[in-house]
Structure formats: structure tokens, C-alpha cells
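Chemist: Handing you this structure, nothing more for now.
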Amino acid sequence: MLAEHWADLRYRLRALFRRSDVEHELDQELAFHLAHATEQYLAQGLDPAEARRRARLEFGTVDNTKEESRDRRGTALLEATLGDLRYALRGLLTHPIFTAGVVVALALGIGANTAVFGLIESVLLKPLPYPHPDQIVSLALIDPRGQVPGGGPIVTDRAFAMWQRDSRSFAALAALSGGSAVLTDAGDVEEVSGAEVSGDFFSVFRVTPLLGRTLSAADTRAGAPPVVVISQALWERRFGRDPRTLGRTATLDGVKREIVGIMPSGLQYPSAADYWIPRDVSPGTGNIVAFFTAVGRLAPGRTLAEATAELQAIQARAESALPPRARGARVEMLTLHERLFGSARGPLLTLLGAVAFVLLIACTTTANLFIARAAARRREFAIRTSLGAGRGRLIRQLLVESVLLAALGALAGLAFPVWGTRVLTAVIPSTVGHVPATSLDAWVLLFAGVVALLTGVAFGLTPLASLSWSNLSGVMKASAPGAGGGNQGRARQGLVVVQLAAAVVLLAGAGLLIRSVAAFVALDPGFNPRHVLAVLVDLPRTRYANDRARSTFYDQLLQETRALPGVVVAAEADAVPLFGFSMITRFGVDGAAPVGEHVEEAAVNRVTPGYLAALGLTLKQGRWFTPADAPGAPRVAVINEAMAEARFPGTSPIGHRLFIRPPPDTKPGTLPDQPLIVGVVGNVRQVGDQIEPIPEAFFAAAQDSAAAQALTLRTSGPPLELLASVKRTIATIDPSVAVWVGVDLSDVYARTYADRRVDALLMSAFALVALVLSALGLYAVMSYLVMQRTREIGMRMALGASAGQVLRLVIRQGMTSTFLGLGLGLVGAFLLTRELRALLFRVSATDPSVFALVAVVLAVVAFGACYLPARRATRVDPMTALRWD
């Protein structure tokens with residue numbers, strides 16, 4: 001049975017793709033049957049002529065027999081469709097301008113949608129490369145004020161220990177802290193990134209090492225031999241994929257660690273980690289609290305909600321012993337995929353909505369062109385109808401042609417996913433980071449194919465509404481340019497209204513994003529990032545185990561970098577703007593300890609005297625630090641305006657004293673030295689644009705036992721050109737020390753609004769494409785209507801109408817469609833731009849100035865698109881127009 005089906009399928013395929021061979025075999029078979037019947041009649045004694053006549057009468061008409069045989073193949077419809085396809089291809093090749101216009105418009109629409117879908121698929125839809133990734137969760141502890149400690153998904157060591165001890169919702173629960181270390185083996189000194197992890201870390205991800213083993217709980221215990229697991233990238237980069245790497249030692253921050261495992265490239269947590277070392281995450285003693293990132297794998301049968309409720313109950317029991325103001329911490333648990341990529345969902349879906357509008361405009365543009373082409377082919381359709389072609393046959397021809405064009409547009413648009421990443425990389429600053437590459441996998445190709453099919457059917461069916469099927473026979477009698485009737489004009493005007501409305505929505509979105517970027521650029525960050533080089537180094541812990549050794553290194557580095565050519569001012573600080581705070585602490589003033597329900601907190605930053613000039617801070621009151629603020633001199637402090645306004649409203653803080661929370665080992669009943677406030681500086685936005693400046697106190701680094709560790713240089717030229725000299729200076733002081741961060745601060749500042757700038761740039765590009773396509777569509781419609789009304793215009797001019805009256809007549813008709821589209825688009829923009837609120841900065845989603853500007857721009861462009869055909873209408877010769885029958 002299977003063999004019979006296979007033979008039948010092979011025959012049908014041969015009939016479809018090798019038709020000449022099958023037809024030849026059919027002719028031979030028919031000739032054989034006719035000859036056999038003739039021989040039978042000859043055997044009965046009939047003469048040859050009569051025998052052949054009777055054989056033909058018995059056999060029937062050969063052509064009808066052939067048609068019946070072809071029908072039994074079951075390929076008639078497909079063969080007819082292939083014939084339509086060949087006919088459509090010949091027709092498109094004879095009209096290259098029409099074909100090129102449609103393919104380009106569809107390539108823009110389908111290609112842009114495919115590129116954005118590919119990005120969404122790679123970021124939002126593709127699962128993490130781990131076994132059962134939906135079971136991997138990220139945990140965070142939200143404090144009573146609704147903030148995450150440290151600004152990220154972090155938990156305390158005490159909370160993690162309780163969860164690990166009392167929870168039954170996890171198959172594995174791990175804590176980690178990201179960082180970096182100086183690698184001094186197997187080549188040059190290099191700063192590598194990695195993480196310190198608890199024993200269950202690799203059990204959460206269940207990734208098998210390429211070589212060796214992973215870390216275990218035994219590696220985290222006190223006294224365990226120091227070991228490290230490295231990444232495949234580090235193994236290839238520093239050890240040349242040598243399988244004998246296992247068992248060798250790698251010196252990280254001066255500690256020799258045995259390499260016990262090599263992880264494959266599939267393990268990407270933390271991002272771009274080169275190594276993983278064990279760490280005991282048990283809670284410490286005293287008041288010191290450690291913070292970690294926590295991840296877990298849910299136990300079989302456990303849900304995210306159940307695990308969250310369990311941890312929240314554990315947390316509530318532990319908080320019952322805390323003061324009321326410290327209670328109310330909330331457990332937040334998300335899938336790891338949601339934690340990593342959830343923030344990208346809004347911008348990507350907004351981008352998908354924008355390109356969907358571009359596709360809508362491309363479809364309406366193509367539909368307009370198809371309506372014009374259908375009007376030009378009315379005589380052809382009438383002739384084919386008179387020869388017996390049914391309505392379904394003509395509809396199939398139109399659909400084959402439209403789907404063919406959509407397929408060509410989709411093929412041309414596939415360049416967008418391939419080259420889109422390169423374009424984004426070219427327009428996005430280097431500070432933004434890696435742009436995910438979009439590959440042409442099966443899902444992206446399927447999406448492109450479905451969009452092409454739907455698009456082809458959509459604009460292919462549009463001309464049907466404008467064709468008068470009942471009066472096709474009368475078309476052959478019409479020869480005037482206006483013979484097409486009014487259906488085409490109304491349909492094309494309706495499509496133009498849709499085009500213009502979609503363009504208004506895109507223009508409004510682009511305008512809001514551009515205003516948002518402008519609002520951020522106009523925002524005063526509180527410092528001047530231009531010509532500032534920020535350098536951070538991570539000193540090996542074994543060689544710089546105490547504050548004295550670290551201070552000696554940084555003091556020598558500061559002195560030597562001041563002498564480098566191109567350095568205008570050199571200073572050091574604990575924290576550089578846009579890199580966050582080094583420490584947050586409680587404070588009081590004039591001897592009042594920071595206690596009570598409403599505890600005031602401030603950022604603390606230790607700096608050297610040149611820091612004010614290096615960053616271009618503004619001194620509002622008093623003075624800045626001087627070399628006289630040395631060890632042994634009275635302690636002084638400078639505060640920012642946020643602290644002055646919060647603690648000294650309406651008065652000057654100069655002369656008051658700060659009370660900073662004493663360290664845990666301070667003897668009871670004693671107060672530390674309270675620094676005198678000697679100055680006030682402007683606020684600095686330390687952590688980005690969305691968070692307002694918080695109170696900040698600056699202390700003279702020379703009066704503190706700990707060293708300020710961020711080198712800040714104001715340069716006379718491009719900052720990064722000085723980085724090599726700084727690295728050589730560091731190598732001269734200590735060859736084992738590598739630069740951890742060396743950046744131009746203006747690049748870091750640009751990063752804070754680069755995402756907004758890219759959103760605005762992409763939306764503006766799509767809006768520009770939409771505006772151009774809409775203007776071209778309006779121009780084409782007005783040109784068509786002028787052609788259609790040529791006889792009417794000629795008659796008006798023959799009866800005395802002036803050129804100005806004709807001009808106003810045509811422009812009025814075009815601007816009517818424009819204002820309809822504008823009104824519809826403004827309503828749509830008012831409703832849809834609210835989805836952009838998460839991407840806007842200090843701009844309302846319904847900003848009237850943006851909407852007004854969009855209306856003016858669209859009206860001006862539309863007027864230009866209407867004016868050119870209107871001018872052509874004024875040049876119509878009345879006698880020529882009236883001569884058409």
C-alpha cells in the first residue's frame with residue numbers, strides 16, 4: 001500500500017515538474033490504445049479505414065481524454081497557479097518601475113518588522129541556555145521604602161542564611177558577588193571579571209564543565225585549598241586550550257589558586273565572567289552586613305508564587321525582633337530571564353509597534369499602486385471575462401501577483417536582520433555595550449514568510465473593491481482617462497487617510513522621544529564630564545592588606561600622574577560620578593546622634609584637594625579642601641546642596657558640625673571627632689538621570705586612615721590618549737597592578753541617555769520613512785485624480801474657470817484627505833503615545849507642543865504633495881480634454 005502511494009506521489013510530482021515527459025508518455029499511451037482497438041476491428045474483417053473510424057468513435061475525442069487524464073492527476077489547480085505565476089512574473093518584468101517601487105516599499109516594511117522580531121526573539125523569546133531555565137529564579141530583598149539596597153537585586157547575608165536553612169521551595173539556592181581580579185599568570189597582567197560564589201552555584205545552572213569539576217560546599221569552608229573554575233573564553237585566551245591547564249595554578253589578586261574546572265561558553269552568569277571562586281556566605285559577626293546576589297532553582301512541583309510566599313513568611317518571622325522602622329522588607333522573586341531582560345520588553349515592543357505602522361503604510365502605498373494598476377488593466381480583465389474567465393480566476397491572478405511581490409519584498413527585506421545589528425552598532429555609542437546579533441533562524445524566517453503572505457493577500461485584495469464586475473463588458477467601450485469611475489478614487493483616498501494617520505502616530509512618538517533626549521541633555525549633572533579621565537585599579541589583597549599600604553600606593557600614583565604631560569588637575573576620590581556611591585551612612589548634626597524613627601542618610605566621599613577643579617564642581621558657599629587640611633589638623637567637611645536644604649533649611653550650614661555614625665567597635669559613651677562644615681557644593685547626579693541627588697558629605701582624604709581609590713584627571717586633550725601613560729606609571733610603581741576601569745567620563749555620561757537617543761533615532765527614522773511614503777502616496781493619488789478628472793477640468797476651463805480656481809479645487813480635495821488623516825492620527829497618537837511613558841524623561845506623553853508641530857509638518861508636506869499635481873491640472877488644454885470620447 002505504501003509503495004502504491006509513493007508511486008502515485010512520484011507520478012504527480014513528475015507531472016508537475018516534468019510535464020513534457022509526462023505528456024509525451026500520455027500521447028504514446030493513447031496511441032497504443034487506439035492502435036489496439038483498430039487491430040481488434042481489423043480482426044473482425046473490417047477494412048482499415050472503417051476499423052480506424054470505429055476505434056476513434058469507441059475511444060472518444062483524444063483532447064477530452066487527455067483533459068480527463070490530467071484532471072485525475074490532482075495537480076490542475078497547482079498547474080494553473082504556476083501558470084498564473086509565470087504570467088505575473090512576465091507582467092512585472094514588463095513594468096520595472098512599478099515592480100521596483102512595490103518591492104522597495106515592502107522590503108522596508110517587512111524587513112524592519114523581521115529585524116525587530118529577530119531582536120525580540122533573541123532577547124525575550126529565546127530561553128536561557130540551561131536545563132529547565134524556567135525553574136531558575138532571581139531573588140531580591142526590597143526595603144520598607146520600596147528600594148533595593150545598592151540599586152540592584154540584592155539580599156543580605158542574614159536573609160540568605162535564613163532562606164537557605166528554612167526554605168523547602170528550592171532544589172538549590174546560591175549567593176554570589178560579582179567583581180574582578182588581577183591575573184598575573186600565563187601572559188601579561190590582566191584585569192579579569194568573575195564572581196565569588198557559594199557551594200550550590202553550579203547546581204542552580206546544571207551546566208557540565210568542559211574539563212574537570214565545579215565548585216562544591218567543601219571548597220567554601222575555612223582552611224580549604226584555594227581553587228578556581230575558569231571560563232572557556234579565558235582558557236582559550238590565556239592558556240591556548242591546553243588540556244593540561246587543569247591542576248595548574250592561576251594567581252588572582254596575589255592568591256595562587258588551583259584550576260579545577262573549565263566551564264563551557266554556555267554559562268553566561270554573571271555576564272562575561274572569566275572565573276568563579278568559592279566564598280563562604282555565612283553571616284558575619286557584629287553590625288557588619290554583607291550583600292549578595294541570590295539565585296535559585298525551584299524544587300519540582302513548586303511555583304514562583306509559592307516560593308515567594310514561603311520566603312516572605314520566613315522574612316516576617318525574622319523581622320519581628322527588629323524596631324518598627326526596620327520592618328516591612330519585601331521579597332521579590334522573578335525568573336532569571338525576567339530579571340535579565342524584563343526591562344527590555346517595553347522598548348522592544350514599542351519598537352515593534354513602530355515598525356508595524358511602517359508596514360501598514362507600506363501596505364497602503366502598495367495597495368494604492370495596485371489600484372492604479374488594476375484600473376489600467378480593466379480592459380484586460382474585460383477581455384478575459386468575455387473569453388470565459390470567471391471572477392475567481394481573475395481574483396487568483398491578482399493574489400498570485402501580489403503574493404509574488406510580497407515574497408520578493410520579504411527576500412529583499414531579509415537584509416535587515418543581517419545588517420540591522422551593524423547599523424545599530426554604528427549609531428549606538430561604544431559605551432552602550434554589545435548589541436545582540438539577530439540570526440536568520442527558523443522562527444525569523446517563518447515570521448518573515450507569514451508577514452509576507454498576509455501582506456500580499458491584504459494589498460492584493462484591495463483592488464477588488466474598486467472593480468465593477470458587473471460592468472466589465474462596458475470597459476472596452478471606454479477610452480477616456482476618467483473611465484475608471486469613482487470607486488478607485490474613493491478607495492485610494494481612503495488608503496491615503498490611513499497612511500497619514502499612521503504617519504502622525506509615528507511622528508508624534510518620534511517627537512516625544514526627541515524632546516525627552518533634549519530634556520536630558522539640558523539637565524545639569526552637577527559636574528563637567530568633558531576632558532575627564534577616571535581610572536580605577538583593584539589592588540591585590542595579599543600585597544595591600546591594610547589601609548597604610550593602600551594609601552602609600554595611591555599617594556605615589558597621584559604624585560606621579562600630576563607630572564604627566566596633558567594632565568591639568570589630578571585628584572583622588574572614593575567615588576566618581578555615575579559610578580554610584582562608595583558608602584551610605586546615617587548622620588546627625590551638632591552632636592545629635594542619628595537615631596529615631598526618621599533616620600537621615602548621606603553618601604560619604606573621601607577626596608583630595610584637587611577634586612573640585614578636576615570635576616568642575618560648583619562651590620556654592622564657604623571653601624573647598626586645601627593642603628592645610630592634613631592629618632592632625634581639625635577635621636573638616638564639605639556638603640552638597642541636598643544635605644544643606646534637608647538639614648539647614650533657610651540657614652547657612654557653615655560652622656556646624658556633622659555627626660557620622662561611629663564604627664561598630666567604638667566604645668560606648670564616646671563620640672568620634674565631628675568634622676566642621678566649611679563649604680557647600682552643587683548637587684551631583686551620581687547614579688543617573690532618574691534618581692534625584694541625595695545628601696552627600698565630602699571629607700578630606702588626608703584626614704582619614706583609609707585611602708581614596710579612584711583617580712580623576714582633567715586633561716588638556718582627549719582623555720583616553722592619556723590612559724596608556726597612566727598604565728605605564730602604574731606598572732612602574734607595581735607591575736602586578738592592572739587598571740580595572742579607565743574611561744572618558746563624557747562617554748560614561750553619554751551612556752546614561754544613549755538608550756533614549758537610540759530610541760529617538762530609530763523612531764525618527766521610521767517616522768521619516770512613514771512621512772515620505774505617505775507624501776508619495778498622496779502625490780500618486782492626486783496625480784491619479786487629476787488624470788481621472790481631466791475631462792471635467794477641461795470643461796470647467798472651457799466655461800471660464802481660471803487657473804487659480806482649478807488649483808484651489810485640486811488642493812482642496814487633497815487637503816481634505818490630509819485633514820481627515822491628521823485628525824484620525826492625532827486621536828490615535830493621543831491614545832497610543834501613553835505607552836511611551838516609561839521611555840520619556842520630563843516630557844508628557846501628550847505634550848501639546850509636539851502634537852502641534854507634527855500637525856504643522858504633516859500639513860506642509862501634504863500641501864507640497866498636492867500642489868504639484870494641482871499645478872499640472874492648470875496646464876490642461878480644454879480642447880484636448882474635450883476631444884476624448
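Chemist: Which of the residues spanning the range 159-205 are charged (D, E, K, R) and surrounded by fewer than 16 Cβ atoms within 10 Å (Cβ to Cβ)?
Modeler: Within the range 159-205, R165, D166, R168, D188 meet the criteria.
Chemist: Can you tell me how many residues in the range 759-782 are surrounded by fewer than 20 Cβ atoms within 10 Å (Cβ to Cβ) and under 17 Å from the mean Cα position of the chain (by Cα)?
Modeler: Count: 3.
Chemist: For residues that are touching a residue at least 24 places away in the same chain (Cβ under 8 Å) and of a type in the set (S, T, N, Q), scanning just the range 253-271, find the one that is nearest to S193 (Cα to Cα). Steps first, please.
Modeler: Step one: of the range 253-271, the residues touching a residue at least 24 places away in the same chain (Cβ under 8 Å) are 253-270.
Pick out the ones that are also of a type in the set (S, T, N, Q) and you get 265, 268.
Numbers: S265: 15, Q268: 12 Å.
Filtering first and then ranking leaves Q268.
Chemist: On the given criteria, is P243 touching a helix residue (DSSP H, G or I) at 6+ places or on another chain (Cβ under 9 Å) and of a type outside the set (S, T, Y)?
Modeler: no
Chemist: Condition first: farther than 16 Å from W276 by Cα and open to solvent by 50 Å² or more (accessible area, probe 1.4 Å). Now tell me which residues in the range 237-247 satisfy that.
Modeler: R237, G240, R241, P243, R244
Chemist: Within the range 737-795, which residues are β-branched (V, I, T) and more than 24 Å from A107 (Cβ to Cβ)?
Modeler: Within the range 737-795, V737, V739, V741, V743, V748, T752, V786, T790, I793 meet the criteria.
Chemist: Inspect the range 755-772 for any residue being under 30 Å from V537 (Cα atoms) and in contact with a strand residue (DSSP E or B) (Cβ under 6 Å, 6 or more places away or on another chain) and give the result as yes or no.
Modeler: No, because not a single residue in the range 755-772 is under 30 Å from V537 (Cα atoms) and in contact with a strand residue (DSSP E or B) (Cβ under 6 Å, 6 or more places away or on another chain).
Chemist: Looking only at residues that are at pLDDT 85 or above and part of a strand (DSSP E or B) in the range 505-547, which one is nearest to V189 (Cα to Cα)?
Modeler: V535
Chemist: Oh, and also: Filter the range 806-846 down to residues that are over 37 Å from the mean Cα position of the chain (by Cα) and charged (D, E, K, R), then give me how many there are.
Modeler: Summing the residues that are over 37 Å from the mean Cα position of the chain (by Cα) and charged (D, E, K, R) in the range 806-846 gives 2.
Chemist: Kindly provide the set of residues from the range 799-820 that are open to solvent by 50 Å² or more (accessible area, probe 1.4 Å) and not aliphatic (A, V, I, L, M), ordered by number.
Modeler: Hits for the range 799-820 are G800, S802, Q805, R808, R812, T816, F819.
Residue-wise test of (1) over 16 Å from V505 (Cβ atoms); (2) buried (at least 17 other Cβ atoms within 10 Å of the Cβ); (3) touching a His at 6+ places or on another chain (Cβ under 7 Å).
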| site | (1), (2), (3) |
| --- | --- |
| L822 | no, yes, no |
| A829 | no, yes, no |
| A838 | yes, no, no |
| R842 | yes, no, no |
| T846 | no, no, no |
| S849 | yes, no, no |
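Chemist: Going residue by residue through the range 475-491, is there one that turns out to be of a type in the set (G, A, S), at pLDDT 85 or above and surrounded by 23 or more Cβ atoms within 10 Å (Cβ to Cβ)?
Modeler: Within the range 475-491, none of the residues are of a type in the set (G, A, S), at pLDDT 85 or above and surrounded by 23 or more Cβ atoms within 10 Å (Cβ to Cβ).
Chemist: Name every residue in the range 814-832 that is within 20 Å of V786 (Cβ to Cβ), touching a residue at least 60 places away in the same chain (Cβ under 8 Å) and of a type in the set (A, V, I, L, M, F, W, C), in order of residue number. Quick ask: steps written out before the conclusion?
Modeler: Within the range 814-832, the first condition is being within 20 Å of V786 (Cβ to Cβ), and the residues that meet it are 814-821.
Checking which are touching a residue at least 60 places away in the same chain (Cβ under 8 Å) leaves us with 817-818, 820-821.
If the condition is that a residue be within 20 Å of V786 (Cβ to Cβ), touching a residue at least 60 places away in the same chain (Cβ under 8 Å) and of a type in the set (A, V, I, L, M, F, W, C), then L820 is the only one that fits.
Chemist: Report yes if some residue within the range 736-750 is in contact with a Gly (Cβ under 9 Å, 6 or more places away or on another chain) and within 18 Å of V355 (Cα to Cα); otherwise report no.
Modeler: No; the residues of the range 736-750 include none that is in contact with a Gly (Cβ under 9 Å, 6 or more places away or on another chain) and within 18 Å of V355 (Cα to Cα).
Chemist: Test L57 against the criterion of being modelled with pLDDT of 70 or more, surrounded by 14 or more Cβ atoms within 10 Å (Cβ to Cβ) and part of a helix (DSSP H, G or I), and give yes or no.
Modeler: For L57, the condition - modelled with pLDDT of 70 or more, surrounded by 14 or more Cβ atoms within 10 Å (Cβ to Cβ) and part of a helix (DSSP H, G or I) - is not met.
Chemist: Here is a further query. Please work out which one of (1) over 35 Å from the mean Cα position of the chain (by Cα); (2) open to solvent by 30 Å² or more (accessible area, probe 1.4 Å) is the condition E721 fails and give its number.
Modeler: All conditions pass for E721, except number (1).
Chemist: For the range 714-755, name all the residues that are part of a helix (DSSP H, G or I), over 18 Å from E191 (Cβ atoms), at pLDDT 80 or above and not hydroxyl-bearing (S, T, Y).
Modeler: Scanning the range 714-755 gives P719, E721, L722, L745, D747.
The values are calculated or read from the model by the stated rules, or taken from the named source; none is laboratory data. Computed from a prediction, not measured in an experiment: that's the story for all the values here. As a convention, Cβ positions derive from the backbone with ideal geometry for all residues, glycine included, and neighbour counts pool all protein chains shown. Ligands, DNA and RNA are stripped out before the accessible areas are found, and what is left, the full protein with its side chains, is counted by its heavy atoms. Shrake-Rupley method; radii C 1.70, N 1.55, O 1.52, S 1.80 Å.
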